[in-house]
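**Student:** Structure below; questions to follow.
The values are calculated or read from the model by the stated rules, or taken from the named source; none is laboratory data. Predicted, not measured: the structure shown is a model, and the values here were computed from it. Cβ placement follows ideal geometry from the backbone for every residue including glycine, while neighbour counts extend to all protein chains displayed.
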């Protein structure tokens, strides 16, 4: 979130055997490119 505004999302599908697949990942265009949003989303997903 950026100033109480959602700027990205990510989804995960459990495919069993302790594995998962990223289903969807979205980052608002204005927050793409070196701002760290996608990296933070991926980091939070695997925590």
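**Student:** Scan the range 1-20 and report the pairs whose first residue is in contact (Cβ under 8 Å) with a residue 24 or more places away in the chain and whose second residue is surrounded by 10 or more Cβ atoms within 10 Å (Cβ to Cβ) and assigned to a strand (DSSP E or B), with Cβ atoms within less than 7 Å and a gap of 6+ or a chain change.
**Tutor:** What qualifies is 7/27; 8/26; 8/27; 9/26; 10/22; 10/25; 12/20; 12/22.
**Student:** At pLDDT 90 or above, within 13 Å of the chain's Cα centre (by Cα) and surrounded by 10 or more Cβ atoms within 10 Å (Cβ to Cβ): which single residue out of 6, 21, 27 fits that description?
**Tutor:** Details: 6 fails: surrounded by 10 or more Cβ atoms within 10 Å (Cβ to Cβ); 21 fails: surrounded by 10 or more Cβ atoms within 10 Å (Cβ to Cβ).
27 is the lone residue from the list that is at pLDDT 90 or above, within 13 Å of the chain's Cα centre (by Cα) and surrounded by 10 or more Cβ atoms within 10 Å (Cβ to Cβ).
**Student:** For residue 44, only one of the following conditions fails: (1) in a strand (DSSP E or B); (2) loosely packed, with under 13 Cβ neighbours inside 10 Å; (3) under 14 Å from the mean Cα position of the chain (by Cα). What is its number?
**Tutor:** (1)
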